[in-house]
Amino acid sequence: MITPQEIENIELRYIELEDYAELKSTMIAAYSTMPDAYWREHQIRTLVEKFPEGQVIITVNGKIAGCALSIIVDYQKFEGSHNYAKITGDYTFETHTYDGDVLYGIDIFIKPDYRGLRLGRRLYDYRKELCERLNLKGIVFGGRIPNYHKFSKELSPKQYIEKVKRKEIHDPVLNFQISNDFHPARVLKGYLEGDEASNEFAVLLEWDNIYYEKPNVKATSNKKVVRLGLIQWQMRPYDNEEELMQQVEYFVDAVSGYRSDFALFPEFFNAPLMADHNHLSEAAAIRELATHTSAIVAKFSELAISYNINIISGSMPEVINNKLYNVGYLCRRDGSTERYEKLHVTPDEAKVWGLQGGYTLKAFDTDCGKIGVLICYDTEFPELSRILADEGMDILFVPFLTDTQNGYSRVRNCAQARAIENECYVAIAGSVGNLPKVHNMDIQFAQSMVFTPCDFSFPANGVKAEATPNTEMILIADVDIDLLRELNQFGSVRNLKDRRKDLFILEKKNK
């Protein structure tokens, strides 16, 4: 056994045909229990000719210590149960195709004299980097379970795997694969002919490339670093709708000038228009405000197109079938729009205005990934954002309106919790100032913020950016979507993956 002190040089390189004689002796030493289980020279030549970057060796002090062989396959042809002969095309590797979507591990081994130096981890890391570089969905291979023959009389393969995962049984191959972020997908029966130690069983192991992007024939550009523009809106009197929208356009112009991808407005930002109806009851006044909604949405859509920015329009009242709802619109820069609703109304909103809770909850596709929108009080119900996270949400936008610091603190603290538990970014934007001539909307308190998960790639306190409290301003912040993918796979804790779905489930009902 070589010791770390004896190592002068470690090198990872592509296999060359001249390596075969030494490679053969390394294979025979690695598979001492299966003396004939080594690749013939013509097979290595075929692999090198077909897919040279998939065939690598690792050398220590100039001598071959280990090797990794792989091909690319169209995995849908083999996704069910398959064996080693089938996946390799009866060892001809005719199954390899650069048009495939999965890197399939054919073999990986370390010579016994060099084990314990974590050289296998280097080979796996190379495969992962290759998979990412070639934009493949992931890595798949059949992993032997060489200690299974010792337990086969009392344990099924499934039971054996579960005990290995719980560290009750040591399996040198399977333990190593799991420690390298591969997860067991299924048991393969009759996988490798002659593998008596595994009773010819194998475990199908998978590693998912979190950076994989499905090929798109359209000329689109899904951004990885997304710039958010939050508008901390000053409540002030406006003579009419046109004057209000001039102020809206001013802010859209400002955040788009910084090349923001999103502009977020607060809840009920258009409330100043109710001043003309202050002689009416609060319930009648807000229904008058609802008459402006369709025109405001149309203008928002125009601004999204002309300023090349996606706009979350905060929220506005809307009357449908004589029922009053609190709704908002996602106005994409391609001209399309989507509607979202406030699902939970506060006791005051129901009592004073007669607002009804909506029914629609869904994540929205954008050119910057999937987003969700929850209006104010909705963010205090964790089930809603969890459903959106399950639908793939990367960024949660929360337009809010709070009159006191107590109310603001509820929204703020719950929004930050949503970022942590759903491994997403959360942006909140509210209104400041006062409207003495509008009943039930007289004072405002807000501090707009962008929250992140709390892990090493993010701010330690989970706050990416924060506005000055109670001051009209814009807040610009960049968020990196790839960091969320890394967190999901490699985070210190993994809230989405670690849920005990064997104990509880969450589902959305359609109405």
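Just so you know, all these numbers are worked out from the coordinates, no wet-lab data involved. All values reported here derive from a predicted model rather than from experimental measurement. Neighbour counts run over all protein chains shown; Cβ positions are idealised from the backbone, glycine included.
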Relative contact order as a percentage, segment 225-490, C-alpha pairs under 8 Å and 6+ apart, gives 22 percent
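Starting with the highest mean, order 284-290, 225-231 by the number of other Cβ atoms within 10 Å, averaged over the residues of each peptide.
Ranked from most to least packed, the peptides come out as 225-231, 284-290.
Please give the contour-minus-distance gain from D334 to A85: 0.36 nm per residue of separation, less the Cα-Cα distance, rounded to one decimal in nm.
Using 0.36 nm per residue and subtracting the Cα-Cα distance, I get 84.7 nm.
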Length gained if E132 through S409 is fully extended, taking 0.36 nm per residue and subtracting the Cα-Cα distance, is 95.5 nm
For K63, counting only aspartates and glutamates whose alpha-carbon sits under 12 Å away and dropping same-chain residues fewer than eight positions off, the answer is E8, E11, D19, E22, D113
Once L496 and Q76 are pulled to full extension, the length gained, defined as 0.36 nm per residue separation minus their Cα-Cα distance, is 148.5 nm
Largest-first semi-axes in Å of the equivalent ellipsoid built from the Cα gyration tensor of segment 4-208 are 25, 21, 17
Of 269-275, 325-331, 76-82, ordering from highest average Cβ density within 10 Å down gives 325-331, 269-275, 76-82
Cα-Cα longer than 18 Å, checked against K111/K167; K86/K214; K86/K153; K50/K189; K86/K189, kept in input order, equals K111/K167; K86/K214; K86/K153; K50/K189
If every Lys and Arg gets +1 and every Asp and Glu gets -1 at its Cβ, then about the Cα centre segment 225-490 yields a dipole, in debye to the nearest 20, of 240 debye
Checking rank on 66-75, 336-345, 19-28, with mean other Cβ inside 10 Å and highest first, the result is 66-75, 336-345, 19-28
From DSSP H assignment alone, runs of 4+ in the chain each adding -39500 (n - 2.57), the sum over residues rounded to the nearest 500 puts [θ] at 222 nm at -8000 deg cm²/dmol
Relative contact order in percent for segment 4-208 (Cα pairs under 8 Å, 6+ apart) equals 18 percent
Restricting to Cα pairs under 8 Å and 6 or more apart, the percent relative contact order of segment 431-491 works out to 27 percent
